[in-house]
Structures are given as C-alpha cells and as structure tokens.
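No value in this document is a laboratory result; all are computed from the given coordinates. Note that this is a predicted model, so its numbers are computed, not measured. Positions of Cβ are generated from backbone atoms using ideal geometry, with glycine treated the same way; all protein chains shown enter the neighbour counts.
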Amino acid sequence: MFVKCILSFFLLSSTAKALENESIYFAPFEIGRKFIVSQGFNGKETHNDAVNRYAVDLVMPQGESVCAAQTGEVLDLYDGRGWFSTDYKKSSFVRIEHSNGEITDYQHLLPGSIQVSRGQLLQAHQCFAQVGNTGKTTGPHLHFAVLKEKNGELVSIPFKFIDPQGRAYTPEYLQWVRN
Ligand SMILES: [Zn+2]
C-alpha cells in the first residue's frame, strides 16, 4: 500500500512536470464540454504569420465560458466594451503567463465578459470570459494559441492539448477537443 502510494505520487508529479515543461495544456473551456477545430496549425485562412501559425480555432457559441488552460497570471488583456463596444475590428483578448514562461492567448472574446484584471492569478480550468465575435472573424469562435518571447517578439509555438484520459495530442483540423 505504502509502495503504491509512493509510486502514484511520483507518477502524479511527473505528469505535473510534463504539463509545466512540454507545452501541454488543458482545453480552454469548461470540463465536460467538447468543441470542434475549424482551423489548426498552419491554417491557410489566418494561421500563417509568426504569432498565429500554431493557433487553433474552436467553434464555440457566443457566451460559452473561456477557461484557463493552465495555472498562471493575467499578463495582458483588451476588453472592447464601453466606447469601443461597436468596434468589432478589434479583438477582445486575454493573455495568461505560466510558470514555464509560456503565454496562452485567448482571442475574439465577448466585450464586457472579461472578469479578470492584469496581474490576477488564475487556477487551471478557472473560467474568466465568454466567447465572442470580435476582431477578424467570420462567426463566434475562440482562437487559442501558446506564445513565447523570441528576440523581443511574441511568436506562437506548437502545443498539445491533454484529453480527459490524460493523453496529450496535437489538435487537428475538424477534430473534437474534449475537456
Ligand atoms: Zn484563429
């Protein structure tokens, strides 16, 4: 029994370590939900520059909860409410920085739905905003990317999602992402 406990402790800590060091993230929505990928890595519509290349678009209805893909601190945000509520040219977004130095990026949020401020700590799975249709979109969806600073610029990097069984996978076009 004792040996078994020790073993599961090591297994658990190695999983946590993998999450921290290998760009593996939870799906950025509520547990128990699933959504389909409408554009993956290198998507020819809009995932073709440094900051967007390794992004995924998830088809989610407007108002659906957007949740932290890992524990971290709110680094930056833009909420186009108030005077800018009709400016749908500008994407409302939140960026969260994690202990491994990577930043998760959540775009096209619903103006007025962002419930966090800069510097706030969020736990993994904690929901903080709603899906919207702001910025360059053809319909409500969530654009999710993992960013890293490279030569003073933020660039997107390949990442994996972790499924409810704990398996890590690269999200592909038309694949269901489950949490
Ligand atoms: Zn996108």
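The Cα atoms of the stretch 34-179 define a convex hull whose projected area, averaged across directions, is 8.4 nm².
Rounded to the nearest 20 debye, the dipole size of the stretch 24-178 about its Cα centre is 200 debye, using +1 on the Cβ of Lys and Arg and -1 on the Cβ of Asp and Glu.
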